[in-house]
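See below for the structure under consideration.
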Amino acid sequence: PAVTAVPPAGTTLPEPAVPSAPVESSAPAPDASAAPARQPRPNAFEFHAPASFNVELPTLDLLEPASDDVETITEEHLAQTAQVIEQRLQEFKVPVTVVGASAGPVITRFEIEPALGVRGSQIVGLMKDLSRGLGLTSIRVVETIPGKTCMGLELPNAKRQMIRLSEILESRQYQHSASQLTIAMGKDITGHPVVTDLAKAPHMLVAGTTGSGKSVAINAMILSLLYKATPEDVRLIMIDPKMLELSVYEGIPHLLAPVVTDMKLAANALNWCVGEMEKRYRLMSAVGVRNLAGFNQKIRDAEAKEKKIGNPFSLTPDDPEPLSKLPLIVVVIDELADLMMVAGKKIEELIARLAQKARAAGIHLILATQRPSVDVITGLIKANIPTRVAFQVSSKIDSRTILDQMGAESLLGQGDMLFLPPGTGYPQRVHGAFVADEEVHRIVEYLKQFGEPQYEEGILDGPAADGATQDLFGDAPDAEADPLYDEAVAFVVRTRRASISSVQRQLRIGYNRAARLVEQMEAAGLVSSMGINGSREVLVPAAAD
């Protein structure tokens, strides 16, 4: 399928040798006036001249400041609670010793050391009894605290502290992070800011039930990117089936395409990302670099020496246009479940291809869903997305689907999450930063004043199949133009069976497409109309052996 180049933002380049055009699978003949010495090579493509942006990063005064009303938990209260924990567990013949406690903005973790011979599973089994004995709604038991020999009991505080996004963005961890894909997650159980680098993630899966704070966390992640990178460095593709959450970002200069709300267009956008990934890989291979950071560094080094690196796949190889920096691309999908219901297997394949290979090409995924079941978060998707974020879920099964372990069912909701960084088996409990709608609107209006977004043409256009207008869902308006029509006719004539189900099984296609093929055969006089018992008769003679 034809793919289109990303318009990397940056400094204005000289006029290209040929006008900007979508990349063709084979290069078109050059204009006669140019009179090149030889024909362009096959599989050539052209990068658009980059759009010129002059965007200043937003300031922190657009966000609400942190609240000064912070309630501290006294040492006496911690000692009293520790004594009650020891007493309640002793009543169930499970002796433990509380060896430490650390109070945070939302919960307090008590470190307990089981007595000799007490198994950790015994304490886990008493979790509900212990929460009832302490008069709390939920308690989370941490069987292993990394770096320590004790277990952990996480008890919710009587009054939760509001964590603002401005607290995380002004922290040393965020400010000193060199990555342009730094994401503010929130605060850990002791109140320290938690940030992560999406480039190292390299993709993120976010799941949780309705009202658990998932959409607020997605907004916080997007604002973290907008505070760290200009459109020259990072571009966004947003897919929003709910039409409400991400549509507020319509018109910011970071967007590569309008916010996608039509699921069929969403499949086209992902298909464009796959094509862009393949094209970037071919380009980086020809230039001799291993990832997008190395490619951009090579371009910067050449510009510092006042040299230009020519496009090795130029449509005019005698006079190639100079290459420029390519931006990182972040694809945000707010509701994966709805996308999977509409597009199904095709979307799963596209996401899996991007998750497997797109990291080095500078394309990263943030997937969110409120239905963490195995038909949405399939094994193919999970295997390629190591970074997971689980908000409150309704059952242990849902927690296992997201994190491959229990724990998310005991969260408190409203931004309370378990964050599983890549390469670790221990989830980190994080309290997400809150972002109000007014803050999002202020930042969007600030960014809009720097000009209209420069959308890339062709992102939402579906790829045309050879000889047909077939789309990603296998729908072709003219069945005779379907590339499988001749194969279906040959199968029906050979087997003398004209049933839709047999055509569907043989060609491995959907029911609607198989029905259209059989109906077109009926219109062409190859098979009869449906009889009383639902069968059709093949009217053409069998082919001679």
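Each value in this text was obtained by applying a stated rule to the coordinates, not by laboratory testing. From a predicted model like this one, the values you see are computed outputs, not experimental measurements. Don't worry about glycine lacking a Cβ; one is built from the backbone with ideal geometry, like all the others, and counts go over all protein chains shown.
From the phi of every residue in segment 187-196, what ³J(HN,Hα) in whole Hz does the Karplus formula 6.51 cos²θ - 1.76 cosθ + 1.60 yield, where θ is phi - 60° and glycine or proline is x?
Once θ is set to phi - 60°, the couplings for segment 187-196 become 10, 7, 5, 9, x, 8, x, 10, 10, 9 Hz.
Among Asp69, Asp461, which comes first, then next, by fewest other beta-carbon atoms within 10 Å?
Lowest to highest Cβ neighbour count: Asp69, Asp461.
With the cut-off at 1.5 for a/c, could you classify segment 75-156 from its C-alpha gyration tensor as rounded, prolate or oblate?
rounded
Tell me what the chain gives for mean residue ellipticity at 222 nm when only DSSP H runs of n ≥ 4 count, each as -39,500 (n - 2.57), the sum divided by the residue total, rounded to 500 deg cm²/dmol.
Numbers: 16 runs with 172 residues, N = 545.
The per-residue figure over the chain is -9500 deg cm²/dmol.
For the chain, what proportion of DSSP beta bridges, expressed in % and rounded to the nearest 5, is antiparallel?
Approximately 60 percent, going by the DSSP bridge assignments.
What FRET efficiency do you get for Arg508 and Tyr281 if R0 is 22 Å and r is their Cβ-Cβ distance, rounded to the nearest 0.05?
Approximately 0.15, to the nearest 0.05.
Show me the ranking of peptides 162-169, 506-513 by mean Cβ neighbours inside 10 Å, starting with the highest.
162-169, 506-513
What's the extension gain from Asp404 to Arg494 if we count 0.36 nm per residue and subtract their Cα-Cα distance?
Contour length minus Cα-Cα distance gives 27.5 nm.
In which sequence would Glu143, Glu245, Glu75 go, from the one with the fewest C-beta neighbours within 10 Å to the one with the most?
Glu75, Glu143, Glu245
Efficiency by 1/(1 + (r/R0)^6): what FRET value for Arg119 and Thr74, r their Cβ-Cβ distance, R0 = 41 Å, to the nearest 0.05?
Approximately 0.80, to the nearest 0.05.
Place a label point 7 angstrom from the Cα of Lys242 along the Cα-to-Cβ direction, then list the residues of segment 355-390 whose backbone nitrogen is under 18 Å away.
366-373, 376-377, 389-390
What does the C-alpha gyration tensor say about the overall shape of segment 95-136? Classify as rounded when a/c is under 1.5, otherwise prolate if a/b is larger than b/c, or oblate.
Because a/c hits 1.5 or more and a/b fails to exceed b/c, segment 95-136 counts as oblate.
At 0.36 nm per residue, and after removing the present C-alpha to C-alpha distance, how many nm does the segment from Lys308 to Gln173 gain when stretched out fully?
44.9 nm
Which entry in (i) 26.8; (ii) 24.4; (iii) 25.7 is this structure's computed Kirkwood radius over Cα pairs in Å?
(i)
At a 10 Å Cβ-Cβ cut-off, how would you order His364, His77, fewest neighbours first?
With the fewest neighbours first, His364, His77 line up as His77, His364.
Taking Cα centroids, how far is segment 386-407 from segment 90-119 in Å?
If we compute the Cα centre of each part, the gap is 24 Å.
Would you kindly state how much longer the chain becomes between Ala515 and Leu380 on full extension, computed as 0.36 nm times their sequence separation minus their alpha carbon distance, in nm to one decimal?
45.6 nm
Distance between Cα centroids, segment 344-361 to segment 176-255: provide it in whole Å.
20 Å
Assuming a strict under-26 Å limit between Cα atoms, what lysine pair count do you get for segment 319-407 once near-sequence pairs (fewer than 8 apart, same chain) are dropped?
7
Give me the percent relative contact order of the chain, please, defined on Cα pairs under 8 angstrom at least 6 residues apart.
Working: 1027 pairs, mean separation 92.6, N = 545.
Result for the chain is 17 percent.
Using a simple spin-label model with points 7 Å from Cα along the Cα→Cβ vector, what separation in nm is obtained for Lys396 and Ser501?
So the two model labels end up 4.0 nm from each other.
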